[in-house]
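Notes follow the structure.
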Amino acid sequence: MPRAKAITIAAAAAAAVLASCSLDYESARLEAQLPEKLPDTVATDLVHRVVKNSRTVLELTADRAETWDAQHRTVIDGASFVEYDQAGAIAVEGSAGRVVFHTDTEDAEISGRVRVYSALEEAGIETEALAWKSKPRLLTAPVHDRVIISSDNGSRLEGTGFVGDFRRREFVFTGPVQGTYVWTEEEEGE
């Protein structure tokens, strides 16, 4: 009996040890995923200024910005920007609810009440979402999203299927379009 009791006690002890040592790999797997789930940098109430030759050429503000270095991605929430010309006057200004910027390609997805106005072009664009492709310099909206382009001269076009080609300095709507286009005397000579 003493030997049986010793084996029972040893078995109970072994069972207790094994029960307390779980082979739970979940926490190790979660740790491996953390770099994908957690940003490398988080900034709130961000103000970022680009200064050249002692003058501000661009100012970006955001409620929150997160960067993922390994993914070459920056996510900016509550974004607005102002670009200044050489004289210090506002050249372009805009805002969006969210910008996902890819640092390796300089492409971006822009969403949430997107508004951009160019003082140089005397025109602006409004929509809910845009995608920027840096290499071909194309700005596109989802095919069914409404895009409004308005000009200081009173022109206002609204349509779907927007594609803006910044190399050619032209834009098209592939879907239905409505609005008013004001022809100016300057365009007659072109």
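Observations on the model:
- Those residues of region 36-80 which are over 23 Å from ARG115 (Cβ atoms), over 19 Å from the mean Cα position of the chain (by Cα), of a type outside the set (Lys, Arg) and assigned to a strand (DSSP E or B), in sequence order: VAL51
- The sole residue among SER134, SER155 that is within 17 Å of the chain's Cα centre (by Cα) and either surrounded by fewer than 16 Cβ atoms within 10 Å (Cβ to Cβ) or more than 25 Å from LEU58 (Cβ to Cβ) (or both) is SER134.
- Just one of the listed residues (GLU106, GLU93, GLU83) is open to solvent by 70 Å² or more (accessible area, probe 1.4 Å) and under 12 Å from the mean Cα position of the chain (by Cα), and it is GLU106.
- Among (1) within 18 Å of GLU158 (Cα to Cα); (2) open to solvent by 70 Å² or more (accessible area, probe 1.4 Å) - the single one SER118 does not satisfy: (2)
- Qualifying residue in region 134-141 (condition: within 25 Å of VAL51 (Cα to Cα) and touching a His at 6+ places or on another chain (Cβ under 9 Å)): yes
- If you check THR127, THR174 for being open to solvent by 30 Å² or more (accessible area, probe 1.4 Å) and out of contact with any helix residue (DSSP H, G or I) (no Cβ under 9 Å at 6 or more places or on another chain), only one passes: THR174.
The values are calculated or read from the model by the stated rules, or taken from the named source; none is laboratory data. Fair warning: this is a prediction, and the values are worked out from it, not measured in the lab. So basically every Cβ, Gly included, is an ideal-geometry build from the backbone, and we count neighbours across all protein chains shown. Side chains included, ligands, DNA and RNA excluded: accessible areas come from the protein's heavy atoms. Shrake-Rupley method; radii C 1.70, N 1.55, O 1.52, S 1.80 Å.
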